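The structure under discussion appears below in the form of structure tokens.
The values are calculated or read from the model by the stated rules, or taken from the named source; none is laboratory data. Every value quoted in this text rests on a predicted model; they were computed, and no experiment measured them. Cβ placement follows ideal geometry from the backbone for every residue including glycine, while neighbour counts extend to all protein chains displayed. For the accessible areas, the whole protein counts, side chains as well, though only heavy atoms, and no ligand, DNA or RNA atoms are used. Shrake-Rupley method; radii C 1.70, N 1.55, O 1.52, S 1.80 Å.
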Amino acid sequence: MDTGFVLRARAGLDVVQRQVDDLVRILRRLALRHRATPMPARTHGQQALPTTFGLRCAVWQSELQRHRARLAQLRERLLVTSMGGAAGTMAGYGPQAFALERAVADELGLGVADTPWHATSDRFVECLMVLGLVAASAEKLAREVYFLGRTEVGEAYEPQRATQVGSSTMPHKRNPIRCEAVIAAAGTLRAQVPLALQTMVAQDDRDMGVGMTLWKLLPECFILIGGALERLIEVFGDLGVNPDRMRSNLDITGGLVLSEAVMLRLAEPLGREQAHHLVMRIVRDSLEQNRPFAEVLRADPQVAAALPGTSLAGLLDPVSYVGHAAALVDRALLTSEST
């Protein structure tokens, strides 16, 4: 039973690893295609600075690359036979017990455990915890698309077939049903991780109270992660990306998203602290008076004195302040290629 369970886990891992590989390849293509596509970076739920959609995709694929490594590393520990016999002593096999164990392992393409593991479930628990990590990343990606597809944001959205019904009553809706399915499956899987950890608290030399729990957990979690990854592959494989909306969203704040660039430029003649206080005051005036940031900047005598003849238009161009985003994409993809 235990060895058969290992074989089923191996088959499940094969599927999950293939799905993660597929998703990584899709995200790499998106990262290359949009390495220079500007969009708002968001921190604490608000626009922060300009970034690129390609860098966002590169970050996502990098996280999944680490999951690929984790999935590969756990195989050596998980994929071993269970040949301990009734109480783990191999007493029933006679003098050729070790040779028999090796022959069975070779026949099945598995490793040999150094000790019996009837009452040690850490191998399966590690597998479930890694699946939980993959599920958490899957849910994060689904929630990213869920947010970016909001009507008020409209920067990226889940694909929808021509025959797909967006809503049962509202024809204009493009409900992100695949992302919602991923969120539900991933949340259900992650909730199983504490229960999996509890199975490690086994008693004596065999404890089927925890063994039977694993019989439920492992198949269910493989089904959940497989379904979640399959839907993510569908979502990102044909993801709708709206660069124009990304660019226009950068202009929503009237230049406020470039306040750091202005502050750093003013820091050269004024010093960092004074420049920071000055820009903070101008930002506050812009918001309270409902005036464009650029207009308040140009009207401020301290700014005019500190930056005589300087074109503020260049400082307030979001495309000019994406930093090393494109180079970071290249570095991330090159690094993952070599691992």
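Evaluate E = 1/(1 + (r/R0)^6) for Glu273 and Val319, where r is the Cβ-Cβ distance and R0 equals 35 Å; express this FRET efficiency to the nearest 0.05. Taking R0 as 35 Å, the efficiency between Glu273 and Val319 is 0.75. The helix-only estimate of mean residue ellipticity at 222 nm for the chain, built from DSSP H runs of length n ≥ 4 each weighted as -39500 (n - 2.57), is -21000 deg cm²/dmol after division by the residue total.
Can you give the FRET efficiency to the nearest 0.05 for Asp21 and Arg206, using r as the Cβ-Cβ distance and R₀ = 51 Å? Here the calculated transfer efficiency is 0.85. Take the Cα of Arg281, go 7 Å toward its beta carbon, and the backbone nitrogen atoms of segment 300-328 under 15 Å from that spot belong to 300-307.
Accessible surface computed residue by residue for the chain, with neighbouring protein chains in place and a 1.4 Å probe, gives 52 Å² per residue. Bridges between two residues of the chain, per DSSP, are antiparallel at a rate of about 90%.
Helices in the chain that qualify as membrane-span-like (whole DSSP H runs, Cα extent of at least 30 Å along the helix axis, mean Kyte-Doolittle hydropathy of 1.0 or higher) are 208-237. With contacts taken as Cα pairs under 8 Å at a separation of at least 6 residues, the chain carries a relative contact order of 23 percent.
Contact order normalised by length for segment 208-339, with contacts defined as Cα pairs under 8 Å and 6 or more residues apart; what percent is it? That works out to 22 percent.
For Ala41, the residues 5 or more places off, or on other chains, whose built amide H falls under 5 Å of its own are Ala48, Leu49, Thr51. When the accessible area of segment 187-299 is computed with all protein chains present and a 1.4 Å probe, what percentage of it is carbon and sulfur? Here carbon and sulfur together make up 52 percent of the probe-accessible area.
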